[in-house]
Amino acid sequence: MLCENCQSEIKDKRTSQQNRALHLYFTLLADALNDGGFDMRETIRQDVDIPWTADTIKNNLWRPIQKAYFKKQSTTGLKKKEIDKVYDVLNKTIGERTGVHIDFPSRINLIDDNL
């Protein structure tokens, strides 16, 4: 029998579906920022002139928020609600700076997009 805390941690751990959605979000945001003309130089620093990728979104935007908010280095250590909180901060910040808003991927969003 698992202890109560252990059961709670297993229940709170992100799912593989949430992991796929997280990485899809990185790709969608990178594409939207690139399409909007917001390369890394525009959004982060003037001396960097490269397009966004899922990895640069993860490492330069998502991960710093995650580290500051939850003191966790890896996205694999995030719980479900922590992913929501990091997304909310990132989406708000990017939206204010660029006007780009990407909904976090979900089955409903993906079904709507394919209709």
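The values are calculated or read from the model by the stated rules, or taken from the named source; none is laboratory data. As the structure is a prediction and not an experimental result, all values here were calculated from the model. Methodologically, a virtual Cβ is constructed for each residue, glycine included, from the backbone with ideal geometry; neighbour enumeration extends over all protein chains shown. The area values use the complete protein model at the heavy-atom level, side chains included, leaving out ligands, DNA and RNA. Shrake-Rupley method; radii C 1.70, N 1.55, O 1.52, S 1.80 Å.
Things worth noting here:
The rows are residues; the columns are (1) crowded, with 16+ Cβ neighbours inside 10 Å; (2) of a type outside the set (A, V, I, L, M, F, W, C); (3) part of a helix (DSSP H, G or I); (4) at pLDDT below 90.
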{"site": "Cys6", "(1), (2), (3), (4)": "no, no, yes, yes"}
{"site": "Asn19", "(1), (2), (3), (4)": "no, yes, yes, yes"}
{"site": "Ala32", "(1), (2), (3), (4)": "yes, no, yes, no"}
{"site": "Asn59", "(1), (2), (3), (4)": "no, yes, yes, no"}
{"site": "Asp113", "(1), (2), (3), (4)": "no, yes, yes, yes"}
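Here is a yes/no grid of residues against (1) among the polar types (S, T, N, Q); (2) touching a residue at least 40 places away in the same chain (Cβ under 8 Å); (3) closer than 20 Å to Thr27 by Cβ; (4) out of contact with any Ser or Thr (no Cβ under 8 Å at 6 or more places or on another chain):
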| residue | (1), (2), (3), (4) |
| --- | --- |
| Lys67 | no, no, no, yes |
| Lys71 | no, no, no, yes |
| Val89 | no, no, yes, yes |
| Pro105 | no, yes, yes, yes |
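- Within segment 74-105, the set of residues being farther than 23 Å from Asn34 by Cβ, open to solvent by 40 Å² or more (accessible area, probe 1.4 Å) and part of a loop (DSSP other than H, G, I, E, B) comprises Ser74 only.
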